[in-house]
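To keep things clear, I will list the structure first and then write my remarks on it.
The values are calculated or read from the model by the stated rules, or taken from the named source; none is laboratory data. Source: prediction; values computed, not measured. Cβ atoms come from the backbone with ideal geometry, glycine included; neighbour counts cover every protein chain shown. These area figures cover heavy atoms from the full protein model, side chains too; ligands, DNA and RNA do not enter into them. Shrake-Rupley method; radii C 1.70, N 1.55, O 1.52, S 1.80 Å.
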Amino acid sequence: MAKESSPLRVVQAAIQSRSFAPVYYFHGDDDYLKDGAVRELLEASIDPSTRDFNCEIRRAGELDAESVSSLLSTPPMLAEKRAVVLRDVTALKKAARQQLDKYLKRPASDTLLLLVSPAGTKVDMAIAALSESLEFAPLTPERVRRWIAHHATTVLTVNIADDAAQLLQQAVGNDLHHLASELDKCASYALGARVEAPTALATGGDVRATIDVDTVSAVVGIRRGETVTDLLDAVARQDAAGAVTLVAHVLGQPKVTAVQVVMMLSTQAFAIAYGRARRDAGIPTNRLPQEFFAFLKETGGYPGRPWGEAASAWTKVTEQWSAVSCEHALVLLLEADMALKETTVSNSEQILLSLVLGLCATRRRKAA
């Protein structure tokens, strides 16, 4: 029963109404969101005082047919409902899977069965047809920005400034596990540094700690102007001096690799080439943001930031690029990608520096 609504909204609606489907099937490529949905459903449906008796979390690949049958047929103990979580459900062996299939045709009303597939797993259509099937796709960069603010205010009970959320996303990316970890550190830092605000207390104002840009810089170890996004913008402007100084900063950030940077630069180069072609076809500059949105939607490329910010940045620089310079940039990016993937090559920073210089030098090709 595939749903068009957001899976998070479906889960929240079930929790608010206290009306749960007998079987949920969680799949898709965002394991963090799946884990959160499992946790929230368990907290809402199972009494904490009887959870030790009424909640089973097992890995499907470790179960035989008898174990599956026992898990699914055991009634609740001293409670109205029991929960069973089967992780990596598609790893069930044949006999065990037969027991699950039999159960799915007539699920128990007093059992909440949560079936979970890990990221990268093909959807099991047979299970999806007999369950509340919810796909947890990775959030878009725009939704990640909103998630940062939501997680800070609701889970960590702190505020976060808009520019701090932007810097955090630029530094960490869109990995929710990593973002949650860094947000937790930022919240602890902000709470420790908070100074009580008598005025806010007297007026009943919000006296919660606030994560600001300085907090993110101190915790994550990155300053404004030194992110991957700043490097992308410098290359787009063909600012060789600025781009070269940023390479070491960017590669020094946790979980940032030269290959990832080249991928983002490639998305940007393809987008600018597309924008240049649309301008040459007569599309006015003020229409370019919509054109870039269409490009990203069609290609699924990752621009390293929310689509709106990327579209705005690309619109500003499209006129600096010619069709020839765009074509040359793509050749340079392909060569750099191949060099980085050669096992005999170890100096990724030097490759990226050479690439950045080459991309910024395309300004001369336009003038020629």
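What the Cβ-Cβ distance of T299 and A129 gives, at R0 = 41 Å and to the nearest 0.05, is a FRET efficiency of 0.85. Using the 1.4 Å probe convention, the accessible area of segment 77-198 works out to 49 Å² per residue with neighbouring protein chains retained. Stretched out straight at 0.36 nm per residue, the stretch from N347 to K105 would grow longer than its current Cα-Cα span by 81.4 nm.
A Cβ-based charge dipole, computed about the Cα centre of the chain with Lys and Arg at +1 and Asp and Glu at -1, lands at about 680 debye.
Per-residue ellipticity at 222 nm for the chain, helices alone: DSSP H runs ≥ 4 residues times -39500 (n - 2.57), over residue total, nearest 500 deg cm²/dmol?
Calculated mean residue ellipticity at 222 nm is -17500 deg cm²/dmol.
Taking 0.36 nm per residue of sequence separation and removing the Cα-Cα distance, the T50/R237 pair yields an extension gain of 61.2 nm. Other residues lying with their Cβ under 13 Å from the Cβ of K81 contribute a combined charge of -2, Lys and Arg counting +1, Asp and Glu -1. How much of the accessible area of the chain, probe 1.4 Å, is carbon plus sulfur, in whole percent? C and S atoms contribute 53 percent here.
The count of lysine pairs in the chain whose Cα atoms are under 22 Å apart, excluding pairs fewer than 8 places apart on the same chain, comes to 20. Inverting the pair-averaged 1/r between distinct Cα atoms of segment 240-343 gives 14.6 Å as its Kirkwood hydrodynamic radius. Taking amide H positions as modeled 1.01 Å from N, with prolines and chain starts lacking one, the residues under 5 Å from I57 and 5 or more places away or on another chain are V85.
Please state the relative contact order of the chain as a whole percent: Cα pairs under 8 Å, 6+ residues apart?
That works out to 15 percent.
The string of couplings for segment 93-99 from the Karplus curve (6.51, -1.76, 1.60, θ = phi - 60°) is 6, 4, 5, 5, 5, 4, 5 Hz, one whole number per residue in order, with x for Gly and Pro. For the chain, the Kirkwood radius over C-alpha pairs fed into Stokes-Einstein at 37 °C and 0.692 mPa s yields D = 138 µm² per second.
Name the residues of segment 110-146 whose amide N is less than 14 Å from a point 7 angstrom out from the Cα of T153 along the C-beta direction? Zone members listed by number: 145-146. Stretching the chain fully between Q98 and A361 yields a gain of 88.4 nm (0.36 nm per residue, less the alpha carbon separation). Of V213, V244, V11, the residue with the greatest mean-square motion in the GNM of the chain, using alpha carbon springs below 10 Å, is V11.
Using only C-alpha positions, report the orientation-averaged shadow area of the convex hull of segment 76-186, nm², one decimal. Answer in nm², one decimal: 9.8. Each other residue within a Cβ distance under 12 Å of Q99 adds +1 if Lys or Arg and -1 if Asp or Glu, for a net charge of +2. Specify the inter-centroid distance of segment 62-90 and segment 245-288, based on alpha-carbon positions, in whole Å. Between the Cα centre of segment 62-90 and that of segment 245-288, the gap is 49 Å.
Site pair A323 and D64 shows an inter-label distance of 6.9 nm when each label is modelled 7 Å from Cα along Cα→Cβ. Excluding A313 itself, what net charge comes from residues whose Cβ is under 10 Å from its Cβ, given Lys and Arg +1 and Asp and Glu -1? The answer is +1. Can you tell which of R279, R18, R208 shows the greatest fluctuation in a Gaussian network model of the chain with Cα springs below 10 Å? The residue with the greatest mean-square fluctuation here is R18. For R82, the residues whose amide H sits under 5 Å from its own are T111, L112, ignoring neighbours fewer than 5 places away on the same chain, with H placed 1.01 Å from N. Using a 7 Å offset from Cα along Cα-Cβ at S312, what residues in segment 260-289 end up with backbone N under 17 Å from the label point? It comes to 286-289, nothing else. Where in segment 155-180 is the amide nitrogen less than 15 Å from a point lying 7 Å along the Cα-to-Cβ axis of R223? The answer is none.
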